[in-house]
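For reference, the structure is listed below as structure tokens.
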Amino acid sequence: MTEVLDIAKKDGRWVECPSCSEIILTRKLEENLWVCNHCDHHFRLGADDRITTLCDPGSFIELGVDEQKVEEAQETALKSGCAMICGRACFLGVMDFKQKGGSMGVAMGQKIVRLMRAAREKGLPLVFFSASGGVRVQEGIWGLFQMLRTVHARDRIAGSPVITVFTDPTSGGVTASFSSLADVLLAEPKARIGFAGPRVIESTVKCALPQGFQDAEVLLSNGLLDRIVHRRDLRETLAFFLKWF
Ligand SMILES: [Zn+2]
């Protein structure tokens, strides 16, 4: 039986839930917005799947692809553009953890700045989905500079509303820069959000951390988030906030 399941999982028809180990039909999972119907585990979404499940059908238009430099156009860890959510127009940035861990390098920094400028010029709110391991360390100091650069860009559009949705996982320099500087901070259930990883913190403070130390639920109880939103309610919740802007 196990061998049959292994074969089925390999060809992509079935997926094992990493939280409750249930074997789920991929088609069923897709219909359920990639949320386990046994334990409510929210599977990580790539940028394309996120856009498909979130935006009104066919409404997403990628931002100025022709104007972008080669490095920006090839930067696949962030998709940026404008879209409609339940009939409300907004600019949208979606990080993709499956692409280079969603890490923020120079090209992504440029894309974020361009997205913020576009939102300000058009007078539309900006919705940002963060999913990142942090700054792209391979780019050294230039990667770290992106924290300063994006915070500065956020400061310059201070009058424009920004909504951040933290998804699993968001950490490092992305948590510690522009993504935490939103007017509304939302998160998906059980999303891990933090700066350093738990093992690094444990080895520094020399004591064991409590269970779920960096879970969205703990952050909410400490006042660092405004709301935790189930994926099935995300469109309506974003539309609710967008209508105020
Ligand atoms: Zn499950």
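The values are calculated or read from the model by the stated rules, or taken from the named source; none is laboratory data. Just so you know, these numbers come straight off a predicted model, no measurement behind them. Cβ sites come from the backbone with ideal geometry, for glycine too, and all protein chains shown count toward neighbours. We work out accessible area using only protein heavy atoms, side chains counted, and drop any ligands, DNA or RNA first. Shrake-Rupley method; radii C 1.70, N 1.55, O 1.52, S 1.80 Å.
Worth a mention:
- Ordering Val205, Ala182, Trp34 by Cα displacement along the dipole of the chain toward the positive end leaves Ala182 in first place; charges were set at the Cβ atoms of Lys, Arg (+1) and Asp, Glu (-1).
- With all protein chains kept in place, the per residue accessible area of the chain amounts to 52 square angstrom at a probe of 1.4 angstrom.
- Over all Cα atoms in the chain, the spread is summed up by Rg and Dmax: 18.3, 59 Å.
- Secondary-structure-derived ellipticity at 222 nm for the chain, considering helices only, amounts to -10000 deg cm²/dmol, per-run term -39500 (n - 2.57) for DSSP H runs with n ≥ 4.
- Lysine pairs in the chain with Cα atoms under 23 Å, if 8 or more residues apart or on separate chains: 22
- For segment 59-100 versus segment 201-238, the gap between their alpha-carbon centres in whole angstrom: 26 Å
- Two numbers describe the Cα atoms of segment 79-176: Rg and Dmax, which are 12.9, 41 Å.
- Shape call, segment 120-245: gyration tensor on alpha carbons, a/c limit 1.5: oblate
- Membrane-span-like helices in the chain (whole DSSP H runs, Cα extent of at least 20 Å along the helix axis, mean Kyte-Doolittle hydropathy of at least -0.5): 106-122, 140-156.
- Each of Thr52 and Lys98 was given a label point 7 Å from its Cα along the Cα-to-Cβ line. The distance between the two points is 0.9 nm.
- Charge dipole (segment 27-118, unit charges on Cβ, about Cα centre) - positive-most of Gly64, Ala47, Gly102: Gly102
- Assigned charges on the beta-carbon of Lys, Arg, Asp, Glu; segment 44-242 dipole about Cα centre (debye): 220 debye
- FRET efficiency for the Lys69 to Asp233 pair, using the beta carbon distance and R₀ = 41 Å, is estimated at 0.60.
- Per residue, the convex hull spanned by the Cα atoms of segment 166-209 measures out at 78 cubic angstrom.
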